[in-house]
Protein chains: 2
Amino acid sequence: MDKKNFSRPIDIKNIKVTDSFWHSFQETVRREVIPYQWEALNDRVEGAAPSFCMHNFRAAARLMAEKKSQPDFQEPAYAYRGFETLPQDSGHPEPDKFYGFVFQDSDFYKWVEAAAYSLSSHPDKELEATVDEAIDLVCAAQHDTGYLDTYYILNGMDCAFTNLKDHHELYCLGHLVEAAVAYYQATGKDKLLGAACRYADYVDSRFGPEPGKRKGYPGHEIAEMALVRLYQATGEEKYLKLGKFFVDERGASPNYFLVEDRERAAREGRPAPGEDIASYSYYQADRPVREQEEAVGHAVRAGYLYSGMADVARLTQDEELFTACRRLWDEIVREKLYITGGVGGTVHGEAFSYPFDLPNDTAYSETCAAIALAFFARRMLEAEPKGEYGDVMELAMYNTVLSGMALDGRSFFYVNPLEVNPAACHADARLRHVKPVRQPWFGCACCPPNIARIVGSAASYAFTENESTLFTHLYMGAELTARNGLGLTLESRLPWEGWARMTVHTARPGGYTLAFRVPGWCRAPRFIGPEGIGQIQKDGYVYFTGEWKDGDTVTIELPMDIRLMGANPRVREDIGQAAVTCGPFCYCLEQADNGPDLHLCRVDANALGSARAGETIISGQSVSMLELPGFRQELAPAGPLYGEYAPAKESPVTLRFIPYYAWANRGEGEMRVWVRV
Amino acid sequence: MDKKNFSRPIDIKNIKVTDSFWHSFQETVRREVIPYQWEALNDRVEGAAPSFCMHNFRAAARLMAEKKSQPDFQEPAYAYRGFETLPQDSGHPEPDKFYGFVFQDSDFYKWVEAAAYSLSSHPDKELEATVDEAIDLVCAAQHDTGYLDTYYILNGMDCAFTNLKDHHELYCLGHLVEAAVAYYQATGKDKLLGAACRYADYVDSRFGPEPGKRKGYPGHEIAEMALVRLYQATGEEKYLKLGKFFVDERGASPNYFLVEDRERAAREGRPAPGEDIASYSYYQADRPVREQEEAVGHAVRAGYLYSGMADVARLTQDEELFTACRRLWDEIVREKLYITGGVGGTVHGEAFSYPFDLPNDTAYSETCAAIALAFFARRMLEAEPKGEYGDVMELAMYNTVLSGMALDGRSFFYVNPLEVNPAACHADARLRHVKPVRQPWFGCACCPPNIARIVGSAASYAFTENESTLFTHLYMGAELTARNGLGLTLESRLPWEGWARMTVHTARPGGYTLAFRVPGWCRAPRFIGPEGIGQIQKDGYVYFTGEWKDGDTVTIELPMDIRLMGANPRVREDIGQAAVTCGPFCYCLEQADNGPDLHLCRVDANALGSARAGETIISGQSVSMLELPGFRQELAPAGPLYGEYAPAKESPVTLRFIPYYAWANRGEGEMRVWVRV
């Protein structure tokens, strides 16, 4: 790490996304997703599982109001009442009861965060009023200690913080903070920020290295990076310290989760659980984070943890911690990354599988895990600008993150397979987690609002800056103002064409550096800057440094070849197969364009020269389509199951590929990314 | 069906297996498996899960003795006490308590049946005395009604026959009958046969089409074919009628399992379960058997049912029922059969998967399901001699049935995958059911004793006869005496070489037909009979008919080519791959002969002419080894996960294949049947 390379995202208020690709997704989020999700949080979407999220806040606010008004009010003693979800047809929920998952509160916070980003770029009085009203309710639900998790407020505060491992109180803190900071930055309103600080202060009073505090840390990470964000928003160093404590204590000995498991068993009169530290790898807590060498366990948790580690490492200039971040990053990229930018090979624990285990049909590749990977990548970039981080971030964002949402914004994928045969999904219990079409809303609705918040803040991933340099990581058309007041316009034809131009707007010439990522997918990039501006290339970035005048431009030419990609032969699932990419996109075959039985298709590796790029319309949107020569094996009408091997009877066909993000927008059908060669 | 083609296995006492291949397995069963399993049934095998099988009989016998000796004895009222298995280190089981699975009794019956076959060919006073003593115990445990299932005898007879669907009382009847008939036929002793008849009579008094009887049938089939066997052994037609009733009533409306589920719910004060008839497909009871068009549900149950259906169809000359058998047979062979003769593509329900879903690594392919398929095949042959039935029977018996047992007879596979990567088995919860090495004994120990009984009675699958014809289905070296007194000797070099000779021994010439199966795997079979004996070929059998003299021979030449086989392209898992077969064997690559990373191997389909057959020694036994030219892709030492596609760098290698039945006898390692071409 070199401090002078550190950078931070541009304040979202100083940037306007004009990019046709991303702006269209942001508009979909604004017009469709945010209103829809508000209805969902309020259990008003017909046919979708009720969320109970706002119900729970209302119930807690009522309880807190009672407490304030009655001097002799006794809070309920903890009684486990399950995480019940009311069957939709069984009438109304009990008004004082908690429903849904233990982390249900976080869905609201994610929604507020997405709404905040939307309000930043597109003010909307009505939406803002709705958010404000909801924030009033949430603040009314906050416990007088500052604690804020409706599960325990409603079920009994005496057991709060007794199961950090599996109950998501600190996860909810993290999302509360993310929402509060985003809403404060978007609107200047600090009511939710105040609630977030109060909850963070209370957590800080209970957990930390100091005597008398517990050495606990979140079971589901996110508070680490959220506390860093709170520190950056408020300047309060204690939040950074608390985040660092959560990072450093994780997996240390004695293992807090075991301590907690045993205390809970003792309290409940159960026999003490045995010491099975390895099982805490699901939580990345089987060893101290600095000693972790392999990305393991629940992939979303892992990505959030690594993001927090990178934040803390940068802000505390902790080389050892950053080395751990680099090691984990390398391991993911070298052994555990899908070509679609997804991670998490197995449904069991929604987790990273063992190295090189990247099954295509049973893939988990959760949308949120790709989002977490983008978080991690951006934070690595904030610490050291290297093209590889940008490449992976781009891969995740342009492919698996976006495939999580239908083009119309009305349905969502939790799981993003690389190969789908709908008949198998319906018939095969091994594929129960794989849905061939997107679903309207999930009981565990982590992904839809997570997509909304990353799409809304996409510009934060495209550009970062420090005092002297503006980094362009993604070629996302935008108008922006750098910290030093320099105006910049990026025109971009990406992701469809490899051309972009950055124009400088300045009243008076000044020294500055513009750095541009050289995409790993581009074989012959060209960067053309103004005369008199020096150009050097380092670690996958081209740096233009010098005195910039108004109207200066840098033209970026990134020819996009249609590429046939192969996997490392250690990936058993992909042997003998290839995937098609072009620019930031990974492509796939869909039944809608190629008929069923996609496993019969074979791409002609020798005829790549005659591949053609065109376009098609999907869900009303123009989407690129690549046509490659290939073959299709014939199906015998009713042949025997086995016979003498004979070379397959094949007919030449044109294989039509669409970008992975756009799949499953035309009804149910087969899809595959990896195609036989 | 044509009655004059009907045939029955030769009485096991009239046949002596001399075949080097099968005799060696029978000796392994006699020397290793039968003694080992007796120890296991008595919980005396260290390191293996206790069976509690004989414990349960002892406990029930004690209870029955008490009942006889105490005039005011009250049988216990039913109390669910679970199917507990005592942890091995927690001391002794309670003497009056039932342990293990609800079908635990059947393990003893399967063992007796295997012992009976062994005693038929190899008298053993000590073993016979052990069996007799155990039979005394089992008869002492029989309830005075004739009922015999220790689970309910010990837990409360008032609830007997209230859960035919999931409790295996009629399954235990089936295995009791199979054992009793085999032991009677082997030794002439009828004590167990008497117990079996008493239990069958009691069942007959409770179930049937007559008024006052319940219309129930087994949840786990086998009683159907067992009752047919009991009918054939005793001549009592009521057993055939009961078997036929079980077949005919299955899946009829109103569905008995639903009736029973609802009655049980009412008795236990639970809400009545909804009508979900489709879910009974697991039991092949979602529709009447005559209307079933697809093999579905638990594969062992299915195979046992179809066997019973074929028996009943033949004996009652029920064309409609036999048409259903043919349809189900065709569907299995056309859509659901592994090239190893295994069936059952999915661990979920140990079941047939959907058509053409034949995954290799997550295969279930239970040993018992292959055994059940052999049962079914033989019964189809008994009704109509067609080569296809014999081909599939042979495939199952020479491959998956035998792969269920280690060559030393000391460990067993329940699941028989076609592709194993031990590292994946250890790391991947999706492969939890796949063991890379055989296990000593299972809590659910259905497979080991089932292998013992089919190996012991292998000759019953090789030869069947009727008044005029002896059918040779499998070329298993043997000396036998036909029903008409004709002596026959089959010398055979199969399965290793394609040569066999049948010699006739007779004091006086006589008219007779010798029929020989023409194996589907043989491209150029030759059958050379004596002069003056007519030869015709029909439906995969060559018939020699005429007056036979002493010393007449038929020589059978069945050249065994090394064959490269391909799968129907509808089988997605096998696309672009081939399997190697030779004679009755399917072959596989093992790590022990070819190194790890078998997915990198590719067989050279153009160089099959230079394939060589040799042999190797595995577990002290000579086993054929085929050497085929191929290629092995190189692994980059530490390459990136993805890169521009390039044709694989490969080196020529010799691929060494061994028969599938002999895999996993040299420690843990990779294995695969299907190899890329």
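Of all residues in segment A:240-251, none are among the aliphatic types (A, V, I, L, M) and without any contact (Cβ under 8 Å) to a residue 24 or more places away in the chain. Looking only at residues in segment B:185-204 that are within 15 Å of B:Leu227 (Cβ to Cβ) and of a type outside the set (Gly, Ala, Ser), which one is nearest to the chain's Cα centre (by Cα)? For segment B:185-204, the residue satisfying everything is B:Leu193. Pairs meeting the criteria (first residue in segment A:339-357 and touching a residue at least 60 places away in the same chain (Cβ under 8 Å), second residue of a type in the set (D, E, K, R), beta carbons under 6 Å, at least 6 apart or on different chains) are A:Pro355/A:Glu335; A:Phe356/A:Glu335; A:Phe356/A:Arg570. Say we look at segment B:624-647 and pick out the residues that are within 14 Å of chain A (Cβ to nearest Cβ), open to solvent by less than 10 Å² (accessible area, probe 1.4 Å) and touching a residue at least 24 places away in the same chain (Cβ under 8 Å); which of these is farthest from B:Ala406 (Cα to Cα)? Among those residues, the one meeting the criterion is B:Gly630.
For segment B:361-370, the set of residues classified as within 19 Å of the chain's Cα centre (by Cα), under 16 Å from B:Arg430 (Cβ atoms) and either of a type outside the set (Gly, Ala, Ser) or at the interface with chain A (Cβ under 9 Å from one of its Cβ atoms) (or both) consists of B:Tyr364 only.
For A:Phe245, the conditions (1) open to solvent by 10 Å² or more (accessible area, probe 1.4 Å); (2) under 25 Å from the mean Cα position of the chain (by Cα); (3) closer than 28 Å to A:Gly342 by Cα all hold with the exception of (3).
Being crowded, with 24+ Cβ neighbours inside 10 Å and within 11 Å of chain A (Cβ to nearest Cβ) narrows it down to one of B:Leu373, B:Leu358, so name that one. Explain how you work it out, then say what you get.
Working: B:Leu373 fails: within 11 Å of chain A (Cβ to nearest Cβ).
When all the criteria are applied, what remains is B:Leu358.
Evaluation of A:His505 against the conditions (1) closer than 24 Å to A:Val333 by Cα; (2) touching a strand residue (DSSP E or B) at 6+ places or on another chain (Cβ under 6 Å); (3) open to solvent by 50 Å² or more (accessible area, probe 1.4 Å) shows that the sole unmet condition is (1).
Here is a yes/no grid of residues against (1) buried (at least 19 other Cβ atoms within 10 Å of the Cβ); (2) more than 27 Å from the chain's Cα centre (by Cα):
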residue: B:Thr545; (1), (2): no, yes
residue: B:Trp548; (1), (2): yes, yes
residue: B:Val571; (1), (2): yes, no
residue: B:Gly576; (1), (2): yes, yes
residue: B:Gln591; (1), (2): yes, yes
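Here segment B:596-623 is the region considered, the condition is being of a type outside the set (Gly, Ala, Ser) and open to solvent by 70 Å² or more (accessible area, probe 1.4 Å), and the residue that is nearest to the other protein chains (Cβ to nearest Cβ) is B:Asn606. If you go through segment B:605-619 and keep only what is out of contact with any helix residue (DSSP H, G or I) (no Cβ under 9 Å at 6 or more places or on another chain), closer than 25 Å to B:Asn421 by Cα and of a type outside the set (A, V, I, L, M, F, W, C), you end up with just B:Glu615. Residues that are farther than 28 Å from B:Phe103 by Cα and not aliphatic (A, V, I, L, M) number at least 2 in the following helices (runs of 4 or more DSSP H) confined to segment B:1-83: B:20-28.
Going through segment B:332-358 one residue at a time, which ones are in contact with a strand residue (DSSP E or B) (Cβ under 8 Å, 6 or more places away or on another chain), in a loop (DSSP other than H, G, I, E, B) and not small (Gly, Ala, Ser)? Once the filter is applied, which keeps residues that are in contact with a strand residue (DSSP E or B) (Cβ under 8 Å, 6 or more places away or on another chain), in a loop (DSSP other than H, G, I, E, B) and not small (Gly, Ala, Ser), segment B:332-358 yields B:Ile339, B:Thr340, B:Val347, B:Glu350, B:Phe352, B:Asp357, B:Leu358. Mind checking which residues of segment A:648-667 are within 19 Å of A:Gly409 (Cβ to Cβ), in contact with a helix residue (DSSP H, G or I) (Cβ under 7 Å, 6 or more places away or on another chain) and surrounded by fewer than 21 Cβ atoms within 10 Å (Cβ to Cβ)? The one that is within 19 Å of A:Gly409 (Cβ to Cβ), in contact with a helix residue (DSSP H, G or I) (Cβ under 7 Å, 6 or more places away or on another chain) and surrounded by fewer than 21 Cβ atoms within 10 Å (Cβ to Cβ): A:Arg666. When A:Arg250, A:Arg264, A:Arg214 are checked against the criterion of being under 24 Å from A:Val102 (Cβ atoms) and open to solvent by 70 Å² or more (accessible area, probe 1.4 Å), A:Arg214 stands alone in meeting it. You will find that of A:Met64, A:Met54, the residue that is at pLDDT 90 or above and over 30 Å from the mean Cα position of the chain (by Cα) is A:Met64 and no other.
Does A:Gly344 satisfy being closer than 22 Å to B:His426 by Cβ, within 14 Å of another protein chain (Cβ to nearest Cβ) and open to solvent by 10 Å² or more (accessible area, probe 1.4 Å)? No. Among the residues of segment A:651-673, is there at least one that is within 14 Å of another protein chain (Cβ to nearest Cβ) and more than 22 Å from A:Val437 (Cβ to Cβ)? There is at least one residue in segment A:651-673 that is within 14 Å of another protein chain (Cβ to nearest Cβ) and more than 22 Å from A:Val437 (Cβ to Cβ). Against the numbered list (1) within 27 Å of the chain's Cα centre (by Cα); (2) closer than 19 Å to A:Ile34 by Cβ; (3) among the small types (Gly, Ala, Ser), A:Gly174 comes up short only at (2).
Condition (residue is open to solvent by less than 10 Å² (accessible area, probe 1.4 Å), assigned to a loop (DSSP other than H, G, I, E, B) and under 30 Å from A:Ile277 (Cα atoms)) applied to segment A:165-181: is it met by at least one residue? No, the conditions are met nowhere in segment A:165-181. When segment A:143-156 is filtered for residues that are open to solvent by less than 10 Å² (accessible area, probe 1.4 Å), within 19 Å of A:Gly174 (Cα to Cα) and assigned to a loop (DSSP other than H, G, I, E, B), the ones remaining, listed by number, are A:Gly146, A:Tyr147, A:Leu148, A:Asp149.
Note on segment B:418-439: residues that are away from chain A (no Cβ under 14 Å) and either open to solvent by less than 30 Å² (accessible area, probe 1.4 Å) or touching a Lys or Arg at 6+ places or on another chain (Cβ under 7 Å) (or both) total 2.
The values are calculated or read from the model by the stated rules, or taken from the named source; none is laboratory data. Bear in mind the structure is a predicted one, so any value in this text is a computation, not a measurement. Reconstructed Cβ throughout: ideal geometry from the backbone, glycine too, with neighbour counts over all protein chains shown. What goes into the accessible areas is simple: the full protein's heavy atoms, side chains included, and nothing from ligands, DNA or RNA. Shrake-Rupley method; radii C 1.70, N 1.55, O 1.52, S 1.80 Å.
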